[in-house]
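The values are calculated or read from the model by the stated rules, or taken from the named source; none is laboratory data. As the structure is a prediction and not an experimental result, all values here were calculated from the model. As a convention, Cβ positions derive from the backbone with ideal geometry for all residues, glycine included, and neighbour counts pool all protein chains shown. Quick note on the areas: whole protein, heavy atoms, side chains included, nothing else; ligands and nucleic acids left out. Shrake-Rupley method; radii C 1.70, N 1.55, O 1.52, S 1.80 Å.
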Amino acid sequence: MPIQMTPVRPPRSRRMAPLLLFGVIWLVACWSWVLISVSTSLPHHPVLSASLPPVQSSNIGVTNKQFGRNDLQNTYTTKQTRNLSSSMHNSTRGNLIASRQFVKNDSNHHLRAKPVQTPPHNNLNESAPFTPFIYPLHAKSGTHHAHIYIGTPPQRQTLIVDTGSRLTAFPCHPHCPNCGKHTSKPFHLSASSSHDIVPCDQCKLNLVDFPLEDYFEGDGIGGNSGDGPSLRGTKNELKTNQQRRRNLFPNSCVNNQCELDQRYTEGSSWKAFEVRDKVWLGLDEKKLAVEEHDKYSVPFVFGCQVSEHGLFKTQYADGIMGLSMYTQTLPGVWHQQGSIPHESFSLCFNAKGGHISLGGIGSAAHGSTPQQQEQQHTSSGRHLAPMQFTPFAKENVWYYTVTVTSISVGEHVLPKSMLQFVNDNKGTIVDSGTTDTFISHKLAKAFIFAWEKITGRRYNNRLQKYTYQQFNKLPVITFELDGGIQWDIDPKYYMEAQIIANETANNSQWEGNRGFTSRVYVDEPQGVVLGSNAMMDKEIYFDMANR
C-alpha cells in the first residue's frame, strides 16, 4: 500500500507571525519617510557662526546701515517683512520656503513674478577688518564730500569722494585766478613749507599700471563721472589709440611742470600741474584734524588746478578726490607708506553725509579719542545685516565693476536675456561721484513697462505730483549681484523731492500733493552706473588689494 502524506496545517499563531513582522516594518518605513519629508520642507535659516564652510575670496562688500533719522516709517509693506532676512538688503527673498516662479500671461511678456529662492550662505560670514580711521562725510547738492588737510601747516579742502575717477585735484592760489568760488579758500601753495612741484622727469599721474591696450578693452574705461568718455572708438586704429593715450595720460611739460588736462562725461573739465605735499583726511574739528595730520600724513601727488570749467567751476566742493584702483590714489599711497593697515576703504552714505573708513570698515568704538568717537558715531549708524561680498567683474581696469545676475522693479524680474547689456563692455560700475543712477537704454522698454504696470502712471524724468499714499506704492528697484547680494534702491532715494521754501528735504508724511523727479535714467549708451543715490544707507567696502 503506497504511503500517503497528508499536509498538516500549522497553528494560527505561527501563521500570523510573518504578517505582523511585515506590518511593523511597513509602519516604521512610512513614519521615517514622513519625518524626512517634513524636515526638508521647513524654512532654512542660515546660522552665522564659525561652523559655516569657508567663504570664497571676494572684493567688494556691502551691508545695510540704520540711522537715527525721521524718514518714511512703516511705509513699505514689503520692506517690513524684508528685515527678517540675513541678506544684504534684509529681503525675505531667500528666507522663506522656496516657491515656483510664475510667468504672467501678458501680451508684452516683460513682467515676471519675482521667485522666492534660498540664497547661498557661503558668503554671509565673510568679515572685513575694522579700522580706527573713520572720518565724516557731508552731503550737499547730491554729492558727498570729505575734508582733506594738505601741507605744513595743514590747509583744509573739501573734496567730492569719487570712486569713478583716479585723480585728486583742487584750485591753488595764485595759479587759478579764474576758478570759481567754493566752500574753502584755494590752497595757498607758497604757504606750505613741505610742498614740492613735480618736475617733468618725475611725473606720477601719467603712469600706467598694466599694458595700455587693457585700458581700452570694453569700449570705455571710466564711470559716468570718470575718465572714460573720450576713450570710445576703434581700439585697433593707431591714430585713435595715440589720441586716447594723450587724453588718458597727459604728458605735457610746461615750465618744467607736469601738466594735467582732465575731462568728465557730463562736460566738466579742469587743468592742473602736479604737486607733492603731505596729505591726510580730517575730522570737522580743526584741532583734532591737525593732530592726526601730524601723525599720519604722507607725501602724495595731486593736481594744483589752474582752470575749471562746467560744474567744477560752480560746485560747492573745492575739488575732487579720485578713489578708483589707480596706484596713485590716496588709499593706495597711504597703505604703501604704512599709514593704514590695509589697501581698502569703505563708504557709508546717508542723507546728511555718512562716513569714510580707511583700511577697513567703520566702528565708532574704535575711535582713538572721545571726541573722535562722538563725531564718528553721528554718521556710522549700525549694521542691519552681516557684510556680504561680491567679486569685481573685470580685471585691468581702475573702476569698480560688479556682475548683475538679476534686475527687478518691485516684484517683477526683467528678462534675463537683457543682462548682457549691463554686464558686457564697461559693465555695471559703482560710482560715488555720479549723483544719479543710469541704466542701459536697451532695458528701457522692459523697465518702463514694469514700473508703469505697478504704479499706473507714466515713467519719465520730469516732475510729478504724488500724495503720501501714492508715493508709498512706488516700487523698489533691485539689482541682484553675483553671490546673491540684493542691492535695493528705495523710492525715497531714487525719487528726488521738490524743495519748497522753508522746508527741508525729508520724506516724513505730508498732506496733499508733493513733487518728485525720478533720478534713475534708462538712456545710458551701455552698462549701468550705480550712482550715489543707489549707495544710500549701505556701507560699501572696496577691497583694492584683492582686485
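Things to note:
- On the stretch given as the stretch 432-446, residues that are touching a strand residue (DSSP E or B) at 6+ places or on another chain (Cβ under 7 Å) and either modelled with pLDDT under 95 or farther than 16 Å from Ala534 by Cα (or both) total 6.
- Neighbours by Cβ (under 7 Å, 6+ apart or cross-chain): first from the stretch 387-413, at positive phi; second open to solvent by 10 Å² or more (accessible area, probe 1.4 Å) and modelled with pLDDT under 95: Asn396/Phe210; Asn396/Asp214
- Any hit, the stretch 417-440, residues being crowded, with 20+ Cβ neighbours inside 10 Å, of a type in the set (Val, Ile, Thr), in contact with a Pro (Cβ under 9 Å, 6 or more places away or on another chain) and outside any loop (DSSP other than H, G, I, E, B): no
- Between Asp196, Asp201, the distinction of being of a type in the set (D, E, K, R), modelled with pLDDT of 95 or more and over 21 Å from His355 (Cα atoms) belongs to Asp196 only.
- Taking the stretch 252-264 as the range and being crowded, with 18+ Cβ neighbours inside 10 Å and closer than 15 Å to Gly322 by Cα as the test, the residues that pass are Leu260, Gln262, Tyr264.
- Candidate set: the stretch 128-158, residues that are crowded, with 23+ Cβ neighbours inside 10 Å and out of contact with any helix residue (DSSP H, G or I) (no Cβ under 7 Å at 6 or more places or on another chain); chosen: the one farthest from Ala385 (Cα to Cα): Ile150
- The stretch 298-393 holds helices (runs of 4 or more DSSP H) entirely within its bounds, and those carrying 1 or more residues that are at pLDDT 90 or above, more than 23 Å from the chain's Cα centre (by Cα) and within 27 Å of Gly142 (Cα to Cα) map to 311-314.
- Test for Phe170: is it open to solvent by 10 Å² or more (accessible area, probe 1.4 Å), touching a Leu at 6+ places or on another chain (Cβ under 7 Å) and either in contact (Cβ under 8 Å) with a residue 12 or more places away in the chain or among the polar types (S, T, N, Q) (or both): no
- Any hit, the stretch 474-491, residues being assigned to a loop (DSSP other than H, G, I, E, B), under 30 Å from Arg166 (Cα atoms), of a type in the set (D, E, K, R) and open to solvent by 40 Å² or more (accessible area, probe 1.4 Å): yes
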